1. Go through the stretch 49-71 residue by residue and tally those that are exposed (fewer than 12 other Cβ atoms within 10 Å of the Cβ) and either assigned to a helix (DSSP H, G or I) or at pLDDT below 95 (or both).
2. Filter the stretch 72-91 for residues that are over 17 Å from residue 45 (Cα atoms) and not in a helix (DSSP H, G or I); which is modelled with the highest pLDDT?
3. Given the structure, is residue 90 free of Cβ contacts under 8 Å to residues at least 60 places away in the same chain and loosely packed, with under 14 Cβ neighbours inside 10 Å?
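The values are calculated or read from the model by the stated rules, or taken from the named source; none is laboratory data. Only a predicted model underlies this, so the values are computations on that prediction, with no experimental measurement involved. Don't worry about glycine lacking a Cβ; one is built from the backbone with ideal geometry, like all the others, and counts go over all protein chains shown.
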């Protein structure tokens, strides 16, 4: 975890635990902090390799198997969009 970062404050006003966990992962692995839920991850420095790592994190952390159609960059543009994907796949 990034020094001094509280996992619960990695995202400004997370809607739920899903957003908070995704934001904490991005803080730990990419160094993105003080992130708004709709902030574009690409503008924060997330590259294509890190998106693939985020896919693996999402599958592991939320016990999901994403379909090829789910692995669309539009689903990984922001914390809010990743969280929405997780919620949809959870049913």
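1. First, the residues of the stretch 49-71 that are exposed (fewer than 12 other Cβ atoms within 10 Å of the Cβ): 49, 56, 60, 63, 65, 67-69.
Next, only the ones that are either assigned to a helix (DSSP H, G or I) or at pLDDT below 95 (or both) stay: 49, 56, 60, 68-69.
Residues in the stretch 49-71 being exposed (fewer than 12 other Cβ atoms within 10 Å of the Cβ) and either assigned to a helix (DSSP H, G or I) or at pLDDT below 95 (or both): 5 in total.
2. Step by step, filter the stretch 72-91, then rank; the result is 72.
3. Spelling it out, residue 90 is indeed free of Cβ contacts under 8 Å to residues at least 60 places away in the same chain and loosely packed, with under 14 Cβ neighbours inside 10 Å.
The rows are residues; the columns are (1) part of a helix (DSSP H, G or I); (2) modelled with pLDDT under 95; (3) out of contact with any strand residue (DSSP E or B) (no Cβ under 7 Å at 6 or more places or on another chain); (4) surrounded by 12 or more Cβ atoms within 10 Å (Cβ to Cβ).
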position: 2; (1), (2), (3), (4): no, yes, yes, yes
position: 5; (1), (2), (3), (4): no, yes, yes, yes
position: 8; (1), (2), (3), (4): yes, yes, yes, no
position: 14; (1), (2), (3), (4): no, yes, yes, yes
position: 23; (1), (2), (3), (4): yes, yes, no, yes
position: 32; (1), (2), (3), (4): no, yes, yes, yes
